[in-house]
1. Given the structure, is L84 open to solvent by 40 Å² or more (accessible area, probe 1.4 Å), of a type in the set (A, V, I, L, M, F, W, C) and under 23 Å from D126 (Cα atoms)?
2. Taking the stated definitions as given, is T113 touching a strand residue (DSSP E or B) at 6+ places or on another chain (Cβ under 9 Å), closer than 14 Å to W11 by Cβ and of a type in the set (V, I, T)?
3. Can you name the residue in segment 1-35 that is over 25 Å from E122 (Cα atoms) and touching a Lys or Arg at 6+ places or on another chain (Cβ under 7 Å) and, of all such residues, is most open to solvent (accessible area, probe 1.4 Å)?
4. Out of the residues in segment 68-117 that are among the basic types (K, R) and at pLDDT 95 or above, state the one that is nearest to T35 (Cα to Cα).
5. Looking at segment 8-46, which of the residues that are over 16 Å from L107 (Cβ atoms) and aliphatic (A, V, I, L, M) is modelled with the lowest pLDDT?
6. Got a number for residues in segment 114-164 being assigned to a strand (DSSP E or B) and either in contact (Cβ under 8 Å) with a residue 60 or more places away in the chain or under 15 Å from the mean Cα position of the chain (by Cα) (or both)?
7. Does E101 fit the bill of being closer than 18 Å to R65 by Cβ and acidic (D, E)?
8. Do we find a residue being open to solvent by 50 Å² or more (accessible area, probe 1.4 Å) and of a type in the set (S, T, Y) anywhere in segment 103-122?
Amino acid sequence: MNIIAAVDQNWAIGNRGELLVRIPNDQKHFREETTGKVVVLGRKTLQTFPQGLPLKNRTNIILSRDKAFSVKDAVTVHSVEELLKELKNYPTEAVYVIGGESIYRQLLPFCDTAHITKIDREYEADTWFPNLDEDPDWEITADSEEQTYFDIAYTFLKYERKKG
């Protein structure tokens, strides 16, 4: 299973329900990685999307503890156990966990590949992604050249869980 996020220098991912910054090339990278695939997200993340609607051209699976919560054109599950059962219907390499913070923390143990856009800047934030640089189970296996969007430098990194 994959996990995908854009993080700042401190592994922050958001502030007050918003992304820290919108970088068009990062959004393009996200679309290219996830289109035609399965995305797993929490209810709060879904509410940040345009009109609060599921992402187009993807199978959206929403993890929410609210048993009454459901959304048109999305699958809703209410526990990690229920999610893992649902995910057996899809190839594991086609599944992308896309946030937010609590979903990342709950599902990181089940992921073996992390697609991280590392932004070379520090933002005011209230949500974070687990710091993979400090986790001995993860290593960087691919990185892009440094890119810039106006004065913001960033790099696309691929982390993989160490085998064995």
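The values are calculated or read from the model by the stated rules, or taken from the named source; none is laboratory data. Since this is a predicted model, take the numbers as computed values, not measurements. No Cβ is skipped: glycine too gets one built from the backbone with ideal geometry, and neighbour counts run over all protein chains shown. Surface areas here come from the heavy atoms of the whole protein model, side chains and all, with no ligands, DNA or RNA. Shrake-Rupley method; radii C 1.70, N 1.55, O 1.52, S 1.80 Å.
1. For L84, the condition - open to solvent by 40 Å² or more (accessible area, probe 1.4 Å), of a type in the set (A, V, I, L, M, F, W, C) and under 23 Å from D126 (Cα atoms) - is not met.
2. Here the answer is no, as T113 does not meet what is asked.
3. T35
4. Filtering first and then ranking leaves K88.
5. By that ranking, first place goes to L19.
6. The total comes to 17.
7. Judged against the criteria, E101 is a match.
8. There is no residue in segment 103-122 that is open to solvent by 50 Å² or more (accessible area, probe 1.4 Å) and of a type in the set (S, T, Y).
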